[in-house]
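Report on one structure; see the data block that follows.
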Amino acid sequence: MNDRPTRLWNGVTIPEPGVYLLDEAHKRVGFQAQHMMVSVVRGEFADARAHIVVGEDPLRTTVTASIRTGSLTTHNDDRDVHLRGPDFLDVDRYPAIRFRGTGLTRQEPRDEIFMWARLRNNPLTRRGAGAATPEDAALNPNKFVLHGELTVKDVRRPVDVHVDFGGAGRDPYGNDIFGFTATADIDREDFGLVWNVALEAGGVLVGKKIRIEIAGEAIRQ
């Protein structure tokens, strides 16, 4: 084990380079979808794994993950049977959802006040390579975007996962760990999950947009 569980990067305490696995005891891989156009249904997958290689350059960190589709639960038996069946995940034919991260970037500020910093012709942005801009200062060092590819029912699409880095350290048992939360928004129809029912009052029974919600800790191997 490394004598140092963490290091400093751009003013943020981050984990040392190495291989980390998602901790089974401290994870939640969930999702939410709109029901009847008026409410939200939440569910989760009990069986999910992730292999994370933290790089010397943290922006070169790689991630591969898999979810066992049959482990889905929304805590309603009838709904779970339907979601696992051919109308949705078809778990007998497609036992896993997979994700492969293709790159990591710091999350840019979304406030309109910083939009000028992206305009190439703005004379205020014509500075030396080492000069900081207000946009640089506004970057939240704990927020990242993990760019990757999500595969559902053998359909692969690009997905951006917005990651909030929770911190890193060593737990009481001597394990080097880091924590995070993450979200990604997808259109289920992009992955062939097109089943729906039109409502008499307008709209549909199940919303197309799905929000993936992840929280967990990773342990250095």
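Each reported figure results from applying straightforward, stated rules to the coordinates on display, with no laboratory input. Note that the coordinates shown come from a computational prediction; the quantities given were computed from them, not determined experimentally. FYI the Cβ positions are ideal-geometry reconstructions off the backbone, even for glycines, and counts take in every protein chain you see.
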Value of relative contact order over the chain, rounded to a whole percent, pairs C-alpha under 8 Å and six or more apart = 25 percent
A student applying the Cα gyration tensor rule (rounded when a/c is under 1.5; otherwise prolate if a/b is larger than b/c, oblate if not) would label the range 25-70 prolate
Difference of contour (0.36 nm per residue) and Cα-Cα distance, His162 to Ala198 | 9.8 nm
Where does the charge balance sit around Gly169 when Lys and Arg score +1, Asp and Glu -1, over other residues with C-beta under 15 Å from its C-beta?
-> -2
Report the extension gain between Arg211 and Asp78 in nm, rounded to one decimal, defined as 0.36 nm multiplied by the number of residues separating them, less their alpha carbon distance.
-> 45.7 nm
So if R0 is 30 Å, what FRET efficiency would Asp3 and Arg98 give, r being the distance between their Cβ atoms, rounded to the nearest 0.05?
-> 0.25
Phi-based couplings in Hz for the range 40-45 (Karplus 6.51, -1.76, 1.60; Gly and Pro marked x) | 10, 9, 10, x, 7, 10
Rounded, prolate or oblate: which fits the range 1-107, taking a ≥ b ≥ c as square roots of the Cα gyration tensor eigenvalues, rounded meaning a/c under 1.5, else prolate when a/b beats b/c?
-> prolate
Against the globular-protein guess of 2.2 N^0.38 Å, express the Cα radius of gyration of the range 47-105 as a ratio, rounded to two decimals.
-> 1.48
Residue-span extension gain [Gln221 to Leu21] - 0.36 nm each, minus C-alpha spacing | 71.3 nm
What share of Cα pairs, in percent, lie more than 23 angstrom apart in the chain?
-> 55 percent
